[in-house]
Amino acid sequence: MKAKKKRSYTFWWFLFLVVNLLIVAGIAWREFHGKGQGEGFSLGEGGIWFLLLGIFCVAVMLGTETAKCFLTLRFLGEPISVKGAFETVALGKYYDALMPTGGGGQPFQIYWLSRSGFSGGACTAMPASYFVTRQLAAMFLTILTFFLYPDPGSSTIRYAAYLGLACCAIVPCTEIAFSFQPKATTKAAELLLKTGARLHVIRDYEGARNKVLGALTQFHEGFSLIAGEKGLLAALLLLSLLCRAALCSLPFIVLRALGSPVSFLPTFFLTIYIYSAVTLIPTPGNSGVSEGAFYLIFSENGSSEVFWAMLLWRGLCYYSFLLLGLVIFGRHTLSHSEQAVAGAGPEAGQEGGQIDG
C-alpha cells in the first residue's frame, strides 16, 4: 500500500510539473514569437537597485511573519527564540508552497511546534492566529482594491477575484460565527456536509463531519487564546498588512527592473486581483495559473518584458521559499544524523521547548 501511494504521489507531481512547464513554454512562445534576437533578458535603468528592493521585500515578508510567530508564542509564555520563530515560519511557507491551495503550512507548524516541546494550546494558537490575521489582511486589501480600482482589464480575472474573495472569507467568517453562535454554526456545517453527501460529493459523511467539526473546534480554541488581547491582535493585523503589501509590490519592482514604465498603484492593485483570482486553483502554490494570470493581466496593460518579469516574480515570491525550506530541512537532517552518530539521541539540542537547530 505504501509503494502504491508513493507511485500515485510521484505520478501527480510529475503531471503537475509537466503542465506547469507547458504553460510557461506557451507563454514564452507567445512572448517571443516573431520578435528579433534583441528581445532577451536585460535590466533597465537602475534595474539592479529594483532587484535589491525585491529581495528586501522578501525579507520584509519573512521578517513580519517571524515577528508574528515570536510575539504570539512569547505572549503565551513559550520561550521561543527569534531563530526558532524564523524556522517555524519558513517551513510553514515551504509546506504552503508544496500543498494544493496553500493549505499545508498550518498543520505542519502545529506538528513542528508540538515535536519541539511546546504546549498544546500554543501549538494551535500560533498557526490559528497567523492564518486568520493573514486572511483578514488579504480580505481588507482586496475589498479596498475592488472599490478603488474596479476594472482590471479582464472580466475573467475580475469575476474570478470576486469568487476568490468569497473563498478567502470562509475561514475568518466561520471562526467569528462559531465564536458567537457555536450551535448554529455547527448545524450550518452539518447541513452543507449532508448536502454534499446527497450530491455524492462527500462519500463518508460521518468521517467528514468529525474532521470538519474537530478542526473547527481546535481552530477556535487556539485563536481564542489570542483574540482577547486587543493590542496583540492589532499588532498581528498590522504585520499581516505590511507582509501583504510587500508581496503585492513585487510585480511592480520586477517590471521596473526590466525597464517597463509601469506605475506603482495600478500594478499593485492588479497584483491583488491576481492573488484573489487564483485562490481557488488547487495546484501547489497556485503554480501554472499564477503565471498565466500574471501574463494575461500585464500583457494586456502594455507592459514589456512580461515573460522575464513573470519568472523573476515567481522566483522571489515562490521558489525562494521552496529553496529556503529545503535548506532548513537539510540542515536539520544533517544535525540529527550527527547527533545520532554521537549517541546524543533525537531530543538533543532541545531544551525548554525551544526550537534550536
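The values are calculated or read from the model by the stated rules, or taken from the named source; none is laboratory data. Here the structure is a predicted model, which means the values were calculated and not measured. Using ideal geometry, Cβ is built from the backbone for each residue, glycine included, and neighbour counts are taken over all protein chains shown.
Can you say whether residue 50 is buried (at least 20 other Cβ atoms within 10 Å of the Cβ), at pLDDT 85 or above and of a type in the set (Phe, Trp, Tyr), as far as the supplied structure shows?
Values: buried (at least 20 other Cβ atoms within 10 Å of the Cβ): yes; at pLDDT 85 or above: yes; of a type in the set (Phe, Trp, Tyr): yes.
Yes, satisfied.
Which members of region 315-329 meet the condition of being surrounded by 15 or more Cβ atoms within 10 Å (Cβ to Cβ) and of a type in the set (Ser, Thr, Tyr)?
Listed by number, the residues that qualify are 318, 320.
Does any residue of region 117-124 turn out to be at pLDDT 75 or above, aliphatic (A, V, I, L, M) and in a helix (DSSP H, G or I)?
yes
What about residue 137, is it closer than 29 Å to residue 239 by Cβ, surrounded by 17 or more Cβ atoms within 10 Å (Cβ to Cβ) and touching an Asp or Glu at 6+ places or on another chain (Cβ under 7 Å)?
no
Among 111, 162, 94, which is the only one that is over 24 Å from residue 277 (Cα atoms) and of a type outside the set (D, E, K, R)?
After applying the criteria, what remains is 111.
I'd like to verify a number: residues in region 217-233 that are over 22 Å from residue 190 (Cβ atoms), among the charged types (D, E, K, R) and either out of contact with any helix residue (DSSP H, G or I) (no Cβ under 9 Å at 6 or more places or on another chain) or at pLDDT below 70 (or both), how many?
Of the residues in region 217-233, 1 are over 22 Å from residue 190 (Cβ atoms), among the charged types (D, E, K, R) and either out of contact with any helix residue (DSSP H, G or I) (no Cβ under 9 Å at 6 or more places or on another chain) or at pLDDT below 70 (or both).
Quick one: is residue 101 modelled with pLDDT of 80 or more, polar (S, T, N, Q) and within 22 Å of the chain's Cα centre (by Cα)?
no
(1) surrounded by 21 or more Cβ atoms within 10 Å (Cβ to Cβ); (2) modelled with pLDDT under 85: which one isn't true of residue 258, the others all being true?
With (1) surrounded by 21 or more Cβ atoms within 10 Å (Cβ to Cβ); (2) modelled with pLDDT under 85 applied to residue 258, the lone miss is (2).
When region 173-189 is examined, which residues are found to be at pLDDT 75 or above, surrounded by 14 or more Cβ atoms within 10 Å (Cβ to Cβ) and either over 22 Å from residue 139 (Cβ atoms) or not small (Gly, Ala, Ser) (or both)?
Across region 173-189, the qualifying residues are 173, 186.
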